[in-house]
Amino acid sequence: MTHTAALGIDTSNYTTSASLVIDGTVVSNRKAPLPVADGARGLRQSDAVFAHTKNLPELMDAIGGDIANAGVKIDAIGVSRAPRDAADSYMPCFLVGIAAARAASAVTGAPVYGFSHQAGHIAAALYSAGRLDLLDGDEKFAAFHVSGGTTDATVVTPRGGEFDIDRVGGSDDLHAGQLIDRVGVMMGMRFPCGPALEKAALCVPVTEVKTSVRGVQCSMSGAENKAAEIFGKTGDIAATAAYTLDFVATSIYGMARALRAERPGIPIIFSGGVMSCRRMRPTLCGLGGVYFAEPEYSADNAAGAACLAYRKHTGRA
């Protein structure tokens, strides 16, 4: 039996990723986080490029073993080439993945297909939620991409298996992941702080919080000051973590509700590392008709790029 295999590569600002898709199924989804110094709230692009250059050889060796064990040859290669599909979207860290993809192409003869990091996130979330069929339909759907570098509300238009992404809203200042990381670092947590905040807030009931949402736009900078005030007065890590996560969830809910008011009944998929937080899901599920990815497909990964390359190569796009 002949199989079709696609390799995915993603070199985002905080994770080196490689994935293998065989006959439309993700069989390997490997990741290596980039090191961030204690107390730091991120990485410079030069440091990210250097870290990817160190991570990729070992990661490609591992995915090469997965390919050999599966007994397949690579037919297509998908790679994240830029943060978004916009013409001016650029980050040096993605050049490392592009170089690796072109090198792999030279060896295997497989064509390289480039996609935006955001498109990969959306595709990975759709795959995990069992809704890749949305890309094959004629109806638009909404996708929220919520991470350390993005808080985007988008409307996705399928186009013969491919799709266009139109940003229709988002944050005016801090991204959701930035807020979470700043609050976490303030309380002595190690960057990235999402998992630590979620664990700290585990036993705190979800509460109503005041947000700053205007239609499909929001502001998150005020929540950083409020979280600092809570922590300064009480020293309560759990309460501060819960407030921060509930603020983000309520903000996203408000934006999604406004989007739904403009486009009644539109399906909504949530993607990005912040959306791997399970505490937020009950709030957002109140909207109905929403879909989430499993955490490994919400956080940075190359599965989306591999899925899209498979679809492109097999004529699904």
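The values are calculated or read from the model by the stated rules, or taken from the named source; none is laboratory data. What you see is a predicted model; the values in this text were computed from it and never measured. Neighbour counts are summed over all protein chains in view; Cβ atoms, including those assigned to glycine, are modelled from backbone coordinates with ideal geometry.
Can you tell which of Gly273, Gly289, Gly235 is at positive phi and touching a residue at least 24 places away in the same chain (Cβ under 8 Å)? Don't jump to the end; show me each part of the working.
Details: Gly273 fails: at positive phi; Gly235 fails: touching a residue at least 24 places away in the same chain (Cβ under 8 Å).
Only one candidate qualifies: Gly289.
So that you can scan it fast, the table gives a plain yes or no per residue for (1) within 17 Å of the chain's Cα centre (by Cα); (2) farther than 18 Å from Ala249 by Cα; (3) part of a strand (DSSP E or B):
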position: Ala124; (1), (2), (3): yes, yes, no
position: Gly130; (1), (2), (3): yes, yes, no
position: Leu135; (1), (2), (3): no, yes, no
position: Gly149; (1), (2), (3): yes, no, no
position: Thr154; (1), (2), (3): yes, no, yes
position: Thr157; (1), (2), (3): no, yes, yes
position: Arg167; (1), (2), (3): yes, yes, yes
position: Ile180; (1), (2), (3): yes, no, no
position: Gly184; (1), (2), (3): no, no, no
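Out of the range 280-292, which residues are surrounded by 15 or more Cβ atoms within 10 Å (Cβ to Cβ) and modelled with pLDDT under 95?
If the condition is that a residue be surrounded by 15 or more Cβ atoms within 10 Å (Cβ to Cβ) and modelled with pLDDT under 95, then no residue fits.
List pairs: first residue in the range 293-308 and on the phi < 0 side of the Ramachandran plot, second residue of a type in the set (Asp, Glu) anywhere in the structure, Cβ distance under 9 angstrom, at least six positions apart or on different chains.
So the pair list comes out as Asp300/Asp10; Asn301/Asp10; Ala302/Asp10; Ala303/Asp10; Ala303/Glu296; Gly304/Asp10; Ala305/Asp10; Leu308/Glu162.
When the residues of the range 243-279 are filtered to those that are under 22 Å from Glu208 (Cα atoms) and of a type in the set (D, E, K, R), which remaining residue is surrounded by the fewest Cβ atoms within 10 Å (Cβ to Cβ)? It would help to see each step written out before you state the result.
Going residue by residue through the range 243-279, those that are under 22 Å from Glu208 (Cα atoms) are 243-261, 270, 274-279.
Imposing the further condition that a residue be of a type in the set (D, E, K, R) reduces the set to 246, 257, 260, 278-279.
Working: Asp246: 22, Arg257: 15, Arg260: 18, Arg278: 11, Arg279: 18.
That would be Arg278.
With the structure loaded, tell me whether Val21 is under 21 Å from Ser147 (Cβ atoms) and outside any loop (DSSP other than H, G, I, E, B) or whether it fails that test. Reasoning before the result, please.
Working: under 21 Å from Ser147 (Cβ atoms): no; outside any loop (DSSP other than H, G, I, E, B): yes.
No; evaluated as a whole, the condition is false for this residue.
Residues that are free of Cβ contacts under 8 Å to residues at least 40 places away in the same chain, under 19 Å from the mean Cα position of the chain (by Cα) and surrounded by fewer than 18 Cβ atoms within 10 Å (Cβ to Cβ): does the range 34-53 have at least one? Spell out how you get there, then give the answer.
At the first step, the residues of the range 34-53 found to be free of Cβ contacts under 8 Å to residues at least 40 places away in the same chain are 34-35, 37, 43-44, 47, 50-51.
Now restrict to residues that are under 19 Å from the mean Cα position of the chain (by Cα): 34-35, 43.
Then keep just the ones that are surrounded by fewer than 18 Cβ atoms within 10 Å (Cβ to Cβ); that gives 35.
Yes, because at least one residue in the range 34-53 is free of Cβ contacts under 8 Å to residues at least 40 places away in the same chain, under 19 Å from the mean Cα position of the chain (by Cα) and surrounded by fewer than 18 Cβ atoms within 10 Å (Cβ to Cβ).
Is it the case that the range 222-245 has a residue that's out of contact with any His (no Cβ under 9 Å at 6 or more places or on another chain) and part of a strand (DSSP E or B)?
Checked the range 222-245: no residue is out of contact with any His (no Cβ under 9 Å at 6 or more places or on another chain) and part of a strand (DSSP E or B).
For the range 66-110, how many residues meet the condition of being touching a residue at least 40 places away in the same chain (Cβ under 8 Å), in contact with a strand residue (DSSP E or B) (Cβ under 6 Å, 6 or more places away or on another chain) and in a loop (DSSP other than H, G, I, E, B)?
4
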